Amino acid sequence: MKRRLKILLTGSAIGLGTYVGAYLVIPHSFVPAEFSEARIQSATLAERIVSNSEASLANLQAIAQYDKNGEIAPALALIAQEFARTRETQDAAVKLSSRLEAMARSIDAIRPAEARLLATEAISAEVALVSRLISYNDRLKELFEVLREKFEHPGLATNGRVEALVGKVNEEARAINEFNRRSTQSLAEFDKLF
């Protein structure tokens, strides 16, 4: 009886010691360095994309003003700048998708499971955002092409293409904002867990 009690107590002590040791040594919350690094790089790229978009919209307003005033040369100069900016934005979107891929590859290592789920939701929203961003950028480029044609050939009628493209650009912008809201919300909840 004493021997059984000693074995039971020894086994319990070892089990409890293992549990406590594992609890203290093995972290319950874990975010891989690759995820964190890719997240920081993604944020930098996203800031650049947002900055480019804001500059493009400002230039679009300036182009409209030049159009009203009949100032073709400065309008064409801004349009040329915008073609370069749309290429830069496209490159940033490709880099952003590569950083999202790096984040996605490291998701399985995130603990706890709730954080892993939130990270998955955030990345899914960002992937959808990048898809819409590419479409937005294409529409914006198309808009600048129509405007360039209009200024290079003043008698050419645009037949409502400018208005239609502005509508499409605005639709893409609303979708981008919604996906960004979802991603931001998921990442805010994710950060609260750590």
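Bear in mind that the values in this text are calculations on the coordinates, not laboratory data. These numbers were taken from a predicted model, which means no experiment stands behind them.
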Worksheet, complete the sentence: With 0.36 nm assigned to each residue of separation and the Cα-Cα distance removed, residue 135 to residue 98 gains 11.6 nm
Worksheet entry | Between the range 49-73 and the range 106-127, the alpha-carbon center distance in angstrom | 39
Discussion item. On C-alpha positions alone, give me the angle between the axis of helix 2-25 and the longest principal axis of the chain, in degrees, nearest 10.
Written reply: 20
Response to the item:
Rounded to the nearest 500, the 222 nm mean residue ellipticity computed for the chain from DSSP H runs (n ≥ 4, each -39500 (n - 2.57)) alone is -31500 deg cm²/dmol
Worksheet, complete the sentence: In degrees, nearest 10, the alpha-carbon axis of helix 33-69 is tilted away from the dominant principal axis of the alpha carbons of the chain by 20
